[in-house]
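Engineer: First, the structure itself, so that you have it in front of you.
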Amino acid sequence: MSVVAIASPRIWSRIVVTNDTNDECIQEMLLRSQQAPLVVKVHAKINTPTTLRSVQAVLAEIHRICSMDLMLFGISLFSLTQSIECNLDALLLREFSMSDGPNTSRLSRETTPLLTGTIHLERQVLSGYNIEQFTFLASYNFPEHCVHRD
């Protein structure tokens, strides 16, 4: 019975990246999750190659992410997306939350071309960012109950 559960892709589809996350663990979870939709939480200071590789590996799978909660320290989202050579179509994304990490520099908040494709967010929370900073390179409709916190 436990072999069946461990082999199920859905059991590997919730991915959390912190400063203590091992990038090999993230790679293994992405592999075992196969093509299952992902729920991703990244609360990390991008100050080590291991953390950077973990975040890049997860963002490279944006086409599978249905919920994403980001709190980044030490690097801008723009810099991260520029370092990933992949299609940024976020077709499954329904929930997107992004907030400043403590002591985040205002200079790291440039316009962020993050998502492409047809986007149908049901919930979006931006804390410490202006909505104008995000360039959605796609047909995009803001949800009626869009939450923006400055």
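Readers should treat all values here as calculations from the given coordinates under stated rules, not as data from a laboratory. Note that this is a predicted model, so its numbers are computed, not measured. Quick reminder, even Gly has a Cβ in these numbers, built from the backbone with ideal geometry, and neighbours come from all protein chains shown.
Engineer: Considering amide H positions built from the backbone, and no H for Pro or chain starts, which residues 5 or more places from D89, or on another chain, come under 5 Å of its amide H?
Structural biologist: T116
Engineer: Moving on to the next point. Can you give the direction-averaged projected area of the convex hull of the alpha-carbon atoms in segment 1-68, in nm²?
Structural biologist: On the way: hull surface 17.4 nm².
Computed as one quarter of the Cα hull surface, the answer is 4.3 nm².
Engineer: Simple spin-label model, 7 Å along Cα-to-Cβ: H43 to S99 in nm?
Structural biologist: My value for the distance between the label points is 0.8 nm.
Engineer: Pull out the extension gain between D89 and Q27, defined as 0.36 nm times the separation in residues minus the alpha carbon to alpha carbon distance; nm, one decimal. Let's see the in-between values first.
Structural biologist: On the way: separation 62, 0.36 × 62 = 22.32 nm, distance 2.02 nm.
Extending this stretch completely gives an extra 20.3 nm.
Engineer: Tell me, I11, I75, I62 in order of fewest to most beta-carbon neighbours within 10 Å?
Structural biologist: Neighbour counts put them in this order, fewest first: I11, I75, I62.
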